[in-house]
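Enquirer: Below is a structure I'd like to ask you about.
All of the numbers you see were taken from the coordinates with simple rules; none came from a lab. Note that the structure is predicted; figures quoted are calculated from it, not measured. Heads up, the Cβs are rebuilt from the backbone with ideal geometry, glycines too, and the neighbour counts pull from every protein chain shown.
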Amino acid sequence: MIKEALLYQKMDGKVQCRTCQRFCQIKPDHVGFCKTRKNIGGKLFTLVYGDISSISANPIEKKPFFHFWPGSTALTVGTWSCNFTCPWCQNYEISKFQDNIGHGMYLSPQKFIELVRKYGYQGTSISFNEPTLLLEYSLDLFTLARKEGFYNTFVTNGYMSLEALKLLIKSGLDAMNVDIKGNYEAVKKYCGANGEGVWQSIIEAKKLGAHVEITTLIIPGVNDDEETLRHIATRIKREVNHDTPWHITQYYPAYKSLEIGLYPASTPVETIEKAWQIGKECGLNYVYVGNIPGHSLENTYCPNCQELLIERSGFDVIRYLITSEKKCPKCLKDIPIIGEYVKPS
């Protein structure tokens with residue numbers, strides 16, 4: 001599980017990690033912020049190569065991806081730790097307990113691909129904790145997956161370095177779902193990060209040809225004010241694309257949410273619907289409600305004629321009505337869907 005890291009440079013007796021935008025300067029025999037990389041003898045090593053904390057076969061809609069290989073299944077893994085400090089983390093058991101590093105199940109990239117092939121899945125996904133921490137593993141995995149014709153995805157906070165992002169896409173990263181946690185102040189306060197760096201990753205990923213979808217977990221008192229929501233929606237339209245899917249998801253208290261006085265219950269449905277309305281008013285064609293199974297706004301509608309195109313229930317595609325030419329069957333508007341619809345077997 002220990003392998004020399006790809007992105008670092010030596011400086012003044014330390015090594016600077018260049019995997020994410022923290023750019024930690026690490027003394028000999030010390031680790032960086034996320035504790036997954038260690039300076040050993042003047043070289044930087046990743047401590048989590050193939051160190052898998054969780055593995056699951058997930059519908060691609062669970063990520064969520066709604067415009068990428070609908071109906072397909074991605075074999076998904078994660079490791080330990082994170083480079084953000086979000087106090088509401090939904091996967092805190094693996095992202096916040098860094099002492100578990102090195103105590104996962106080793107799964108080689110080759111074995112991962114064997115499992116994808118054996119069970120007839122369509123692709124791979126690195127998720128659960130921040131996937132950037134599995135950079136070296138992801139590069140090896142994605143290269144193998146692309147040769148086999150499988151797709152590759154990340155569910156990420158978007159705080160990887162530009163160098164890491166370019167390597168990932170060159171090696172076969174096809175799609176990213178990126179969290180926008182809130183405005184600059186909220187990201188700095190709660191996540192301990194520079195939110196502008198996340199936007200730059202999104203913009204660069206789009207330029208490099210990756211499919212991008214964006215998720216915002218709506219937390220009352222953190223990012224549910226109209227100014228913040230309009231800012232996010234406007235930036236998506238202006239700097240990414242008006243066809244970029246924006247997933248507005250319902251928060252549930254977890255980890256330290258109650259301890260630090262965050263909203264003590266799930267986000268009201270009306271708040272989620274208000275955010276959806278703001279996204280549409282700002283000119284986004286595809287805005288989705290999330291974590292509210294059965295809600296009509298988790299479906300895909302034609303932005304031109306409002307025809308129902310994809311009906312969903314939770315993570316299941318119930319009906320898929322887009323034509324084989326990826327058009328609305330009623331008005332023939334082009335619908336931006338990557339890959340083919342995978343019908344239930």
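Enquirer: On a 0 to 90° scale, report how tilted helix 135-148 is relative to the longest principal axis of the chain, with both axes built from alpha carbons and the result rounded to the nearest 10.
Expert: Between helix and principal axis, roughly 50 degrees.
Enquirer: Cα centroid distance between the range 25-78 and the range 253-303, in Å?
Expert: 27 Å
Enquirer: Let me ask another. Any idea what the relative contact order of the range 50-139 is, in percent, if you count C-alpha pairs under 8 Å spaced at least 6 apart? The partial results should precede the final answer.
Expert: Working: 139 pairs, mean separation 34.7, N = 90.
That works out to 39 percent.
Enquirer: In addition: In deg cm²/dmol and to the nearest 500, what is the mean residue ellipticity at 222 nm of the chain if only DSSP H runs of at least 4 residues count, each as -39500 (n - 2.57), divided by the residue total? Can you show the working numbers first?
Expert: Details: 7 runs with 75 residues, N = 345.
Counting only the DSSP helices, I get -6500 deg cm²/dmol.
Enquirer: While we're on this one: How high is the relative contact order of the range 197-267, in percent, counting Cα pairs under 8 Å that sit 6 or more residues apart? Could you put the intermediate results ahead of the total?
Expert: On the way: 65 pairs, mean separation 25.3, N = 71.
With pairs under 8 Å counted, the relative contact order is 36 percent.
Enquirer: Relative contact order (percent) for the range 51-320, with alpha-carbon contacts under 8 angstrom and 6 or more residues of separation?
Expert: Working: 531 pairs, mean separation 40.6, N = 270.
Contact order relative to length: 15 percent.
Enquirer: Continuing with this model, one more query. Could you order peptides 182-191, 156-165 by the average number of other Cβ atoms within 10 Å of their residues, highest first?
Expert: Values: 182-191: 17.6, 156-165: 22.5.
Taking the mean over residues of other Cβ atoms within 10 Å, the ranking is 156-165, 182-191.
Enquirer: Please give the helix 226-235 orientation as an angle from the longest Cα principal axis of the chain, in degrees from 0 to 90, rounded to the nearest 10.
Expert: Taking the Cα atoms of the chain, the angle to 226-235 is about 80 degrees.
Enquirer: I've got another one for you. Where does helix 195-207 land angle-wise versus the long Cα axis of the chain, in degrees 0 to 90, nearest 10?
Expert: On a 0 to 90 degree scale, this one is about 70.
Enquirer: Quick check for me: using +1 on Lys/Arg Cβ and -1 on Asp/Glu Cβ, what's the dipole size of the chain about its Cα centre, in debye to the nearest 20? Walk me through the intermediate numbers first.
Expert: Working: 39 positive and 36 negative charges, 177 e Å.
For the chain, the charge dipole is close to 860 debye.
Enquirer: Residue by residue through the range 58-74, what is 3J(HN,Hα) from phi via Karplus (6.51 cos²θ - 1.76 cosθ + 1.60, θ = phi - 60°)? Round to whole Hz and write x for glycine and proline.
Expert: Karplus-based 3J(HN,Hα) across the range 58-74 equals 10, x, 4, 5, 6, 4, x, 10, 10, 10, 9, 6, x, x, 7, 10, 10 Hz.
Enquirer: By counting other Cβ atoms within 10 Å of each Cβ, how are I202, I55 ranked from fewest to most?
Expert: Ascending number of Cβ neighbours within 10 Å: I55, I202.
Enquirer: Taking a ≥ b ≥ c as the square roots of the Cα gyration tensor eigenvalues, with a/c under 1.5 meaning rounded and otherwise prolate when a/b beats b/c, else oblate, which class fits the range 3-46? Mind showing how you got there, number by number?
Expert: Working: a/c = 1.27, a/b = 1.14, b/c = 1.11.
Because its axes are fairly even, with a/c under 1.5, the range 3-46 counts as rounded.
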